[in-house]
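> Okay, handing you the structure first.
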Amino acid sequence: MQTAYAKEELRSMLAPLRGRRLVLVPTMGALHEGHATLLRQARQLAGEDGAVVASIFLNPVQFDNAGDLATYPKTPVQDLEICHACGVDVVFMPSPDTMYCSDRSITMEETHLSTVLCGASRPGHFAGVCLVVSKLFNLVQPTDAVFGKKDYQQLAILRRMVRDMDIPIQIHGAEIVRDADGLALSSRNVRLTPEHRASAPSIRRLLLAARESYAAGQPADDICAVVKRELEMISGVRCDYVELVDAETLHELTSPQRLALLAVAAWFGDVRLIDNIELSRS
Ligand code: PAF
C-alpha cells in the first residue's frame, strides 16, 4: 500500500494503474467497520486486476459547525492499518492547504435534493461535499466510487451530481453497518455519553417498528409523529427531523407504489446522529 500526501505524488502513484478498474472510497478518517465494509466492497469491485484508492480528508468546507469539525475524531495510524487490512492500494491523505487554494472561488451546489432533510438544517454542507468529491473524482479519475447508505441523502446527491455533470463514474451504495444492538456505526458514536450510547439504539428499534406500521398502511404523518415522540421521551434527546419521503427524489412521496425512505436526525446531547430505513407498502 502506498500513501500520497500531495496531488503530484498521487498522480505518479496512479499513473501505472490507468486503464484498469479503479475504485475510489472517499472518507474523512476515523475509520470503523462501516468504512471497512466500503473498502472491502471496493476491493471486490476492483478485482485482482483493478486497484482501490481510499482518500482520508477531514473536509473543512462541509462542516457548518466549527465545534463539530474541532471535535471530529482523528485516528490516522489506525486508519492506515484498516486501509492496509482491507486491501487498499493507494491512500490519499492531503492537508486542507494541499487540497484547496486559499483563494478558491468555485462552488458546486445541488439545488433540489439538498434543500430537505440534513440539507435544511446544515446550510452549505452538501455544497461542501459535492465540491470535495468532484475534486477527488478529478484527481483520482476512478471508474467507480463507493458511498454508504447511512448518508442516504449524500448518496442521492452524488448520484445526481454524476448524472447532471456527465461524470463517467459508476456510484455504488453500500448497506448500513450496525453494532450488535442496532446502532448505525458512525465516527461520532465515540463522543456519546454512556447514557446516550445506551439509548441510541432506540433509533433503530423505532425505524423497524415504523417499517411494520408503514407496511400495514398507517399514514406517513402518524408514523413520523410516533418516532419523534418516542425519541424525544429519551432524556437529553432532541429531534432535528423525522421525515418519510420518496427514496429517490427525497421530496414528498407521490405514490404508494414508490420506494419510501424514513430518515431521522436527532441530537443525543451534543452529538447529532442520523439513520434511515427504506420502506415499501408491498
Ligand atoms: O461521507 C463522508 O465521510 C464525507 O461526506 C465524504 C463523502 C468523504 C466527503 O468528504
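The values are calculated or read from the model by the stated rules, or taken from the named source; none is laboratory data. Everything numeric in this text was worked out from a predicted model, so none of it was measured. Cβ sites come from the backbone with ideal geometry, for glycine too, and all protein chains shown count toward neighbours.
> Phe92 passes all but one of (1) in contact with a strand residue (DSSP E or B) (Cβ under 7 Å, 6 or more places away or on another chain); (2) within 12 Å of the ligand (Cβ to nearest atom); (3) under 30 Å from Ala120 (Cβ atoms); which number fails?
(3)
> Here's something else I'd like to know. When the residues of region 41-59 are narrowed to those that are in contact (Cβ under 8 Å) with a residue 60 or more places away in the chain, closer than 14 Å to Leu80 by Cβ and among the hydrophobic types (A, V, I, L, M, F, W, C), which ends up surrounded by the most Cβ atoms within 10 Å (Cβ to Cβ)?
Among them, the one singled out is Val53.
Okay, residues lined up against (1) at pLDDT 95 or above; (2) not polar (S, T, N, Q):
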| residue | (1), (2) |
| --- | --- |
| Ser199 | yes, no |
| Leu206 | yes, yes |
| Ala210 | yes, yes |
| Ser213 | yes, no |
| Gln218 | yes, no |
| Asp222 | yes, yes |
| Lys228 | yes, yes |
| Gln257 | no, no |
| Leu261 | yes, yes |
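> Looking at region 214-266, which of its residues are assigned to a loop (DSSP other than H, G, I, E, B) and under 27 Å from Asn189 (Cβ atoms)?
Those that are assigned to a loop (DSSP other than H, G, I, E, B) and under 27 Å from Asn189 (Cβ atoms): Met233, Ile234, Ser235, Gly236, Ala247, Leu250.
> For region 156-166, which positions are surrounded by fewer than 19 Cβ atoms within 10 Å (Cβ to Cβ) and either acidic (Asp, Glu) or under 21 Å from Ile56 (Cβ atoms) (or both)?
Asp164, Asp166 - these are the residues of region 156-166 that are surrounded by fewer than 19 Cβ atoms within 10 Å (Cβ to Cβ) and either acidic (Asp, Glu) or under 21 Å from Ile56 (Cβ atoms) (or both).
> Please count how many residues of region 66-95 are more than 17 Å from Leu24 (Cα to Cα), under 19 Å from the mean Cα position of the chain (by Cα) and outside any helix (DSSP H, G or I).
4
> Also, quick follow-up: Mind counting the residues in region 60-72 that are within 13 Å of the ligand (Cβ to nearest atom) and in contact (Cβ under 8 Å) with a residue 24 or more places away in the chain? Reasoning before the result, please.
Of region 60-72, the ones within 13 Å of the ligand (Cβ to nearest atom) are 60-64, 68-69, 72.
Those still in the list that are in contact (Cβ under 8 Å) with a residue 24 or more places away in the chain too: 60-64, 68, 72.
Of the residues in region 60-72, 7 are within 13 Å of the ligand (Cβ to nearest atom) and in contact (Cβ under 8 Å) with a residue 24 or more places away in the chain.
> When region 35-59 is examined, which residues are found to be near the ligand (Cβ under 10 Å from one of its atoms) and outside any strand (DSSP E or B)?
Hits for region 35-59 are His35, Leu38, Phe57, Leu58, Asn59.
> Let me ask something else about it. Test Ser102 against the criterion of being more than 12 Å from the ligand (Cβ to nearest atom) and surrounded by fewer than 16 Cβ atoms within 10 Å (Cβ to Cβ), and give yes or no.
Numbers: more than 12 Å from the ligand (Cβ to nearest atom): yes; surrounded by fewer than 16 Cβ atoms within 10 Å (Cβ to Cβ): yes.
Here the answer is yes, as Ser102 does meet what is asked.
> Please go through region 141-153 and pick out each residue that is surrounded by fewer than 23 Cβ atoms within 10 Å (Cβ to Cβ) and part of a helix (DSSP H, G or I).
Within region 141-153, Lys149, Lys150, Asp151 meet the criteria.
> May I pose another question? Which residue, of Leu38, Leu10, Leu22, Leu14, is within 28 Å of Asp68 (Cα to Cα) and in contact (Cβ under 8 Å) with a residue 40 or more places away in the chain? Walk me through it before giving the result.
Working: Leu10 fails: within 28 Å of Asp68 (Cα to Cα); Leu22 fails: within 28 Å of Asp68 (Cα to Cα); Leu14 fails: within 28 Å of Asp68 (Cα to Cα).
Exactly one residue qualifies, and that residue is Leu38.
> Filter region 157-179 for residues that are closer than 24 Å to Gly29 by Cβ and more than 16 Å from the ligand (Cβ to nearest atom); which is nearest to the chain's Cα centre (by Cα)?
So, considering only residues that are closer than 24 Å to Gly29 by Cβ and more than 16 Å from the ligand (Cβ to nearest atom), the one nearest to the chain's Cα centre (by Cα) is Arg178.
> I've got another one for you. Being in contact with a Ser or Thr (Cβ under 9 Å, 6 or more places away or on another chain), among the acidic types (Asp, Glu), under 24 Å from Asn189 (Cα atoms) and within 15 Å of the ligand (Cβ to nearest atom) is the requirement here; does Asp151 meet it?
Working: in contact with a Ser or Thr (Cβ under 9 Å, 6 or more places away or on another chain): no; among the acidic types (Asp, Glu): yes; under 24 Å from Asn189 (Cα atoms): yes; within 15 Å of the ligand (Cβ to nearest atom): yes.
For Asp151, the condition - in contact with a Ser or Thr (Cβ under 9 Å, 6 or more places away or on another chain), among the acidic types (Asp, Glu), under 24 Å from Asn189 (Cα atoms) and within 15 Å of the ligand (Cβ to nearest atom) - is not met.
> Could I ask something else about it? Does Leu136 satisfy the condition of being touching a residue at least 40 places away in the same chain (Cβ under 8 Å), in a helix (DSSP H, G or I), within 29 Å of Glu8 (Cβ to Cβ) and touching a strand residue (DSSP E or B) at 6+ places or on another chain (Cβ under 6 Å)? Full working, then the answer.
Details: touching a residue at least 40 places away in the same chain (Cβ under 8 Å): yes; in a helix (DSSP H, G or I): yes; within 29 Å of Glu8 (Cβ to Cβ): yes; touching a strand residue (DSSP E or B) at 6+ places or on another chain (Cβ under 6 Å): yes.
Yes.
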